[in-house]
Amino acid sequence: MTLENADPIVESVVATVARSATEIRQGLIGRRGSVDAENPSGETQKEADVFADELLGDRLAGIDGVGQFASEERPDLVDCGETPGEGAYAVAVDPLDGSSNLESNNAMGTIFAVYDAPLPALGRDLVAAGYVLYGPIVTMVVATDEGVAEYELSGGERTLIDDDVTLPDDPVVYGFGGRVPDWPEDFEAYAREIETELKLRYGGAMIADVNQVLTYGGIFAYPGLESRPEGKLRLQFEGNPIGYVVERAGGRSSDGERSLLDVEPGELHDRTPVHLGNEALIDRLESALE
Ligand code: AHG
Ligand code: MN
Ligand code: MN
C-alpha cells in the first residue's frame with residue numbers, strides 16, 4: 001500500500017505527523033518531568049505530553065479539510081470550521097503514547113486517527129490511522145483501506161520500508177496490561193494458557209508492544225479490570241486507530257465481545273478494553289470471556 005491514491009487531505013495529515021515526529025523526538029530531551037496538570041483521563045501530564053500536543057494540534061488543526069481536531073490531552077475537541085463527513089475529516093491524536101516510559105528512556109509513540117465523521121466517531125468511520133514509534137529507529141506505520149505500510153523517518157523525510165505489512169500467521173509474543181490480581185477470572189484463565197504458548201513482551205507503551213505483535217505475530221491486550229471494567233485505553237485515541245491498523249494488517253481487534261471498530265462511541269475520552277492480534281487468538285479470547 002502507498003498513499004498515492006489517498007485523499008490529499010489524508011496525505012497532508014500523514015506528512016504533517018511524519019514531519020513533526022522528528023521535532024517531537026528531539027523535544028523529548030529536557031521534557032522528562034511532570035507538569036502540575038492532569039489530562040482529561042485524570043492522569044498527570046508530562047512536559048513532553050503538553051509539548052507534543054501543542055505542536056501537533058497547531059499544525060493538524062490548520063490543515064484545509066480537517067474539520068475537527070481532538071487530543072487525548074485536551075478536554076474538548078477543536079472546531080476547525082468544516083463538518084467532518086461532508087468533505088472534511090476529523091483528526092484525533094494521542095500525542096505521546098506511553099509517556100510514562102520517558103523517565104526510564106523506553107520506547108513510546110504518537111498515534112493518529114482520521115475519521116470521515118464528527119467526533120466522537122465509530123471506528124468504522126476511519127479512513128486512515130497509524131502511529132510513529134520512537135524506538136532505536138523512528139518508524140511510522142500508516143493504514144488506509146488499501147492496506148498497511150511502514151516507513152523509516154529521518155529529518156522529516158519518509159522512506160518506504162514495507163508496502164504490505166501483514167500480521168505473521170504464527171503467533172510468537174504476548175503482552176497484557178494491568179495487574180494480575182486485578183484481572184477478571186476469565187481473562188486470567190486465558191492469560192495462563194497464552195503464557196505457556198507465547199513469549200512475554202510488555203513494555204508499557206501500547207504502540208511499542210503492538211509493533212512487536214505486528215512484527216512477530218501474537219496478541220496485545222489491556223483488558224477490562226475488576227477495579228475498572230472499561231479498562232485503561234481510550235477508544236477514540238488508542239483503541240480505534242490501532243484496531244484499524246491491526247485489522248488492515250489481517251488481524252483482529254476486540255473489546256472482549258466485538259471488533260473495536262464496532263464499539264458505539266459515547267464520550268470523547270471514553271475508555272475501552274483493548275485486545276489486538278492474530279485472529280485465532282482473539283476468537284479464542286472472546287470465547288473465553290463469554
Ligand atoms: P499514554 O501514555 O498515552 O497515557 O498511554 C499509556 C497507556 C498505553 O500506552 C500502555 O499500553 C498503557 O498505558 C500502560 O499502562 P500500565 O502503565 O498500567 O502498564
Ligand atoms: Mn496512549
Ligand atoms: Mn498519551
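Pairwise inverse Cα distances across the range 59-116, averaged and inverted, put the Kirkwood hydrodynamic radius at 12.2 Å.
For the chain, adding -39500 (n - 2.57) for each run of n ≥ 4 DSSP H residues and dividing by the number of residues yields -8500 deg cm²/dmol at 222 nm. Full extension of the chain segment joining GLU197 with ARG258 gains 19.6 nm, where the gain is 0.36 nm per residue of separation less the Cα-Cα distance. Enclosing the Cα atoms of the range 117-197 in their convex hull gives a volume equal to 188 cubic angstrom per residue. Bin all alpha-carbon pair distances of the range 173-289 at 5 Å intervals from 0 and give each bin's fraction as a whole percent. Per 5 Å bin, starting at 0, the Cα pair percentages come out as 2, 13, 25, 28, 21, 9, 2, 0.
Computing FRET efficiency as 1/(1 + (r/R0)^6) for ARG124 and SER41, where r is the C-beta to C-beta distance and R0 is 22 Å, gives about 0.40. Against the longest alpha carbon principal axis of the chain, how many degrees, from 0 to 90 and to the nearest 10, is the axis of helix 279-289 turned? With rounding to tens, the tilt is 60 degrees. Sequence-ordered 3J(HN,Hα) estimates for the range 180-186 from the Karplus curve with 6.51, -1.76 and 1.60 and θ = phi - 60° stand at 3, x, 9, 6, x, 4, 5 Hz, glycine and proline given as x.
Divided by 2.2 N^0.38 Å, where N counts the residues, the Cα radius of gyration of the range 70-181 comes to 1.23. Charged neighbours of GLY266, selected by a Cβ distance under 12 Å, balance to -2 (K, R count +1; D, E count -1). When you count the other C-beta atoms within 10 angstrom of each residue and take the mean per peptide, 229-237, 163-171, 41-49, 106-114 line up highest first as 106-114, 229-237, 41-49, 163-171. Neighbour counting of Cβ atoms within 10 Å sorts the residues GLU4, GLU193, fewest neighbours leading, into GLU4, GLU193. Over the Cα atoms of the chain, each weighted equally, I'd like the Debye log10 I(q)/I(0) at q = 0.07, 0.09, 0.12, 0.13 Å⁻¹, rounded to two decimals. Normalising to I(0) and taking log10 leaves -0.22, -0.38, -0.69, -0.82. Peptide packing for 72-80, 132-140 was compared via the average number of neighbouring C-beta atoms within 10 Å per residue; ordered from the highest value, the list is 132-140, 72-80. Between ALA189 and THR215, take the C-beta separation as r, use R0 = 30 Å, and let me know the FRET efficiency to the nearest 0.05. Taking R0 as 30 Å, the efficiency between ALA189 and THR215 is 0.65.
Coordinate-derived values only; no laboratory data. Just so we're clear, the structure is a prediction, and the values are computed from it rather than from any experiment. Cβ coordinates were reconstructed from backbone atoms using ideal geometry, including for glycine residues, and neighbour counts include every protein chain displayed.
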